Amino acid sequence: MPPRKRKTTYPPPRNAPVRPPRPGEPGGPGGPDTPYVRPTVASINLSASTGRAGLKLGDRVRIAGTGLYSGEIATIERLTTGAIPSAVVRTEAGRTRQVRTIDLEPIVD
């Protein structure tokens, strides 16, 4: 049986654009001096696993943090325990959402 043919490789064309350095390479973003942080990586709040103490059903809260309905006032409809405690809240506009309890701020009436 004859050996397989090698794939033919050609040199890059002389008029090819110069490739920018990749992340982590010298001269590129996050060179050898600084670690490269990918923009798509999510940051994890490690204190979210403790949750917020003192919340109970029917409490009025403000949704803090970022995301949908941030800054709105809502009422707690259900509390859920787990690795990251969360609550189902209903906003004053009548929409429901599940939120981490660390992102809820109690409102004093």
query: So which of 55, 79, 68 is in contact (Cβ under 8 Å) with a residue 40 or more places away in the chain and under 17 Å from residue 98 (Cβ atoms)?
result: 55
task: Name the residue, out of 101, 96, that is in contact with a strand residue (DSSP E or B) (Cβ under 8 Å, 6 or more places away or on another chain) and surrounded by 15 or more Cβ atoms within 10 Å (Cβ to Cβ).
output: 101
message: Any residue that is in a loop (DSSP other than H, G, I, E, B), at pLDDT 90 or above and surrounded by 14 or more Cβ atoms within 10 Å (Cβ to Cβ) - is there at least one of those in the stretch 68-88?
response: yes
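The values are calculated or read from the model by the stated rules, or taken from the named source; none is laboratory data. Quantities reported herein were computed from a predicted structural model and do not represent experimental measurements. Every residue, glycine as well, gets a Cβ built from its backbone with ideal geometry; the counts of neighbours run over all protein chains shown.
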